[in-house]
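Enquirer: Here you go, one structure.
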Amino acid sequence: MKIGIVGDGKMARAIAAEAAAAGDEVITMIDAKENVGGVAITTERLGGCDVVFEFTSPAAAPDNLRALQRIGATVVCGTTGWDDQRAAVEELWLDGPGALLVASNFALGVQLFLRAAAVLAQAAAQRPEFDGFLHERHHAAKLDAPSGTGLLLQQVVRAADPGRLWPITSVRAGAIPGDHELVLDGPFETLTLRHSARDRRVFAAGALSAARWLAGRRGVFTLDAMLAGD
């Protein structure tokens, strides 16, 4: 697979390393300094790519994705923190010619964690003696708080148990790849459901799996669709 990467941060470099280990060819990496407003995203630069990964910043992602749509690219995006523009950006891709898959977290374990969280929240819905809340911890350089995964977790548990607010506490410190917890705390006991990423490679490997699945498709897709084999 021939790939392009828009971004030069930790995740972009992790994807490049994982791709090289898998025998894929990284044709180009576009860094932030050369790509203000998406100006470096051109057919000349990325036209030979089977897939392009967009892992940048909340401020840059919308312009990058609009530029990638104009050149008909197949794109896997893992940038979070731009949800206010996501619907408008995805609408551009609905009829192709390219394809777009956006996810806040590419770890398979997170998807299982979200499903388990929904079951637990639903089971606790009629137990008012428990308080329900969420914790998330990420590395000091992460820009958005709560994270996209934290907000998705909150959305999932609120749908399963709308009687609780499920507030989120976010910590940004150290080099933590990503921890998420659901906590139910009662008068005499505490129940905790947790997902902990030990290495950023888990996200890179998941993003590459999404890219292989996306190849040849047209339109807008979700990670759930990939995991379901749709």
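The values are calculated or read from the model by the stated rules, or taken from the named source; none is laboratory data. What you see is a predicted model, and the numbers here were worked out from it, not measured in a lab. Cβ atoms come from the backbone with ideal geometry, glycine included; neighbour counts cover every protein chain shown. The protein model used for the area step is the full one, side chains on, heavy atoms only, and it has no ligands, DNA or RNA in it. Shrake-Rupley method; radii C 1.70, N 1.55, O 1.52, S 1.80 Å.
Enquirer: Looking at the structure I just gave you, is ARG137 in contact with a strand residue (DSSP E or B) (Cβ under 9 Å, 6 or more places away or on another chain), surrounded by 14 or more Cβ atoms within 10 Å (Cβ to Cβ) and basic (Lys, Arg)?
Expert: yes
Enquirer: Could you please find all residues in the range 144-173 being within 25 Å of ARG127 (Cβ to Cβ) and assigned to a strand (DSSP E or B)?
Expert: Within the range 144-173, ILE168, THR169 meet the criteria.
Enquirer: Tell me, yes or no, whether the range 169-178 has at least one residue that is open to solvent by 10 Å² or more (accessible area, probe 1.4 Å), within 30 Å of VAL51 (Cβ to Cβ), at pLDDT below 95 and not small (Gly, Ala, Ser).
Expert: The answer is yes, given that some residue of the range 169-178 is open to solvent by 10 Å² or more (accessible area, probe 1.4 Å), within 30 Å of VAL51 (Cβ to Cβ), at pLDDT below 95 and not small (Gly, Ala, Ser).
Enquirer: Tell me, which residue of the range 89-131 that is open to solvent by 70 Å² or more (accessible area, probe 1.4 Å) and under 18 Å from the mean Cα position of the chain (by Cα) is modelled with the lowest pLDDT?
Expert: First, pick out the residues of the range 89-131 that are open to solvent by 70 Å² or more (accessible area, probe 1.4 Å): 91-92, 94-95, 97, 108, 112, 115, 119, 122-123, 126-129, 131.
From what is left, the residues that are under 18 Å from the mean Cα position of the chain (by Cα) are 108, 112, 115.
Numbers: LEU108: 86, LEU112: 90, ARG115: 92.
Per the stated criteria, the residue is LEU108.
Enquirer: Still on this model: What are the pairs, 6+ residues apart or on separate chains, where a residue within the range 134-149 that is of a type in the set (D, E, K, R) has its Cβ under 8 Å from a residue that is open to solvent by less than 10 Å² (accessible area, probe 1.4 Å) and in a loop (DSSP other than H, G, I, E, B)?
Expert: Short answer, once both residue conditions are applied: GLU136/SER147.
Enquirer: With the structure loaded, tell me whether LEU191 is open to solvent by 70 Å² or more (accessible area, probe 1.4 Å) and either touching a residue at least 24 places away in the same chain (Cβ under 8 Å) or β-branched (Val, Ile, Thr) (or both) or whether it fails that test.
Expert: When the stated conditions are applied, LEU191 passes them.
Enquirer: Cβ-Cβ under 7 Å, sequence separation 6+ or interchain: first residue in the range 100-119 and assigned to a helix (DSSP H, G or I), partner among the small types (Gly, Ala, Ser) and open to solvent by less than 40 Å² (accessible area, probe 1.4 Å). Which pairs?
Expert: LEU108/GLY206; ALA118/ALA160
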